[in-house]
1. State all residues of the stretch B:37-82 that are in contact with a Leu (Cβ under 7 Å, 6 or more places away or on another chain) and either within 16 Å of ligand 1 (Cβ to nearest atom) or at pLDDT 95 or above (or both); if no residue qualifies, say none.
2. Restricted to the stretch A:30-60, and to residues that are assigned to a strand (DSSP E or B) and open to solvent by 20 Å² or more (accessible area, probe 1.4 Å), which residue is nearest to B:Leu89 (Cα to Cα)?
3. Report, by residue number, each residue of the stretch B:159-200 that is open to solvent by 50 Å² or more (accessible area, probe 1.4 Å) and either touching a Lys or Arg at 6+ places or on another chain (Cβ under 7 Å) or in a helix (DSSP H, G or I) (or both).
4. For the subset of the stretch A:17-27 comprising residues that are more than 8 Å from chain B (Cβ to nearest Cβ) and touching a residue at least 60 places away in the same chain (Cβ under 8 Å), which member is surrounded by the fewest Cβ atoms within 10 Å (Cβ to Cβ)?
5. Being within 16 Å of ligand 1 (Cβ to nearest atom) and more than 12 Å from every other protein chain (Cβ to nearest Cβ) narrows it down to one of B:His162, B:His191, so name that one.
6. Please give the number of the condition B:Leu100 fails out of (1) hydrophobic (A, V, I, L, M, F, W, C); (2) within 11 Å of another protein chain (Cβ to nearest Cβ); (3) within 16 Å of ligand 2 (Cβ to nearest atom); (4) not in a helix (DSSP H, G or I).
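The values are calculated or read from the model by the stated rules, or taken from the named source; none is laboratory data. A quick note: this is a predicted structure, and the numbers were derived from the prediction, not measured. Neighbour counts run over all protein chains shown; Cβ positions are idealised from the backbone, glycine included. Side chains are part of the model used for accessible areas, which takes the heavy atoms of the whole protein and leaves out ligands, DNA and RNA. Shrake-Rupley method; radii C 1.70, N 1.55, O 1.52, S 1.80 Å.
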Amino acid sequence: MSTHGRAAEESTFVRTYTLTRGRTRPRHLLGLATVLDAGPGRLGPAQAEECEEILALCRERRRSVVELAGRLGRPVTAVKVLVSDLLDAEALVVPLTHPYADTGAESGPSTQLLAALSAGLKRKWPDAIAYPQAG
Amino acid sequence: MPSPTPRPDDPAAVLRTSPRPHADAAPTVLKIVIAGGFGAGKTTAVGAVSEITPLSTEEYLTEASADVDSLAGIEAKRTTTVAFDFGRLSLPDAPVPLELFLFGMPGQDRFVDLWYDLSRGAVGTVVLVDTRRMESSFTPVSFFEDIGLPFVVAVNQFDGAHRYQPEQVRTALELPASVPVVTCDARDPNHVAGVLLTLVGHAVKNASASRVHHAPTTTFQDA
Ligand SMILES: Nc1nc2c(ncn2[C@@H]2O[C@H](COP(=O)(O)OP(=O)(O)O)[C@@H](O)[C@H]2O)c(=O)[nH]1
Ligand SMILES: [Mg+2]
């Protein structure tokens, strides 16, 4: 966690403003956890270098918006603007998820998904500390 | 007469989605938030179970704006950025293929826009408590109480710090009996995994309880 000094803030802003060519709002509704796959589309000319980086990362494996922003060292909103461009060009696509994937954004995951998460964690860490449950 | 509804195999129906076959469908993503004050062990806890070195991700914070998804207003000189941790792990052996995203959430309440963003749709939150700075946990705890996100409290045992019993921390933070309070070492994957399991168990109880409408809230949870 860090907040930068005033000078650093302004230079971050200038860098980002240039990167997104002045655009301040992503065209697609993207969450931090939205996952992206490389698609069949090609990048247009004169795209930011960061677009190539995003595509290279997504060719290796699926990546979320938050992970791309972390790896590029760019603010999330700026990365969403670039990802929107790449979705329009179909250079990125949103992968199909399993039908259970409706996690109900506002209400939280279903009890079935929570049970699956619990089982998955126990399999991955059979020696996890078993804390007595409150309540 | 053509049907307005695309057939399932209509290419238009899968526009902008992956050409990969369904067997290779992306795992379902679940999110857990790790909250706590500076130095409470958030990055350490994320790193203990993440498959990638925790990433420090930046986002803008514009003062007096709930619109975190826009750079508009960034011209205003008061724009700041805040960094939060991101880690992930896959659980391919779960009954449903899952990927768990972990977010380390900074503790100060001037980051509340980010708190909402990180918490949206999450399983719940682990509030890491550094007993040397207990007071820094009050604001996150009341935030999660207010938005109704299930949370557990994990007390870090720092070397040289006074060892508080979980019940002492419960009293100090005025937590109801239903909220699990555990001690953990954020450096140890088995401890962190145990805390995550405690949170998931707690979230299951909350989800079942919230389905019983008009039930007295204490009857089942505090048993
Ligand atoms: N003894 C002990 N030290 C810890 C524990 N968790 C974190 N630390 C140490 O405390 C320091 C701060 O932890 P960090 O994860 O960076 O805190 P953050 O600011 O919340 O991300 C680091 O030097 C960690 O090694 C713990 O459970 N026990
Ligand atoms: Mg940290």
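1. Listed by number, the residues that qualify are B:Ala40, B:Gly41, B:Lys42, B:Ala45, B:Val46, B:Val49, B:Ser50, B:Glu51, B:Val82.
2. Only one residue fits best here, namely A:Val35.
3. Filtering the stretch B:159-200 down to residues open to solvent by 50 Å² or more (accessible area, probe 1.4 Å) leaves B:159-160, B:162-165, B:167-168, B:171, B:174, B:176-177, B:187-188.
B:Glu167, B:Gln168, B:Thr171 - these are the residues of the stretch B:159-200 that are open to solvent by 50 Å² or more (accessible area, probe 1.4 Å) and either touching a Lys or Arg at 6+ places or on another chain (Cβ under 7 Å) or in a helix (DSSP H, G or I) (or both).
4. By that ranking, first place goes to A:Arg27.
5. Of B:His162, B:His191, the one residue that is within 16 Å of ligand 1 (Cβ to nearest atom) and more than 12 Å from every other protein chain (Cβ to nearest Cβ) is B:His162.
6. Against the list (1) hydrophobic (A, V, I, L, M, F, W, C); (2) within 11 Å of another protein chain (Cβ to nearest Cβ); (3) within 16 Å of ligand 2 (Cβ to nearest atom); (4) not in a helix (DSSP H, G or I), B:Leu100 comes up short only on (3).
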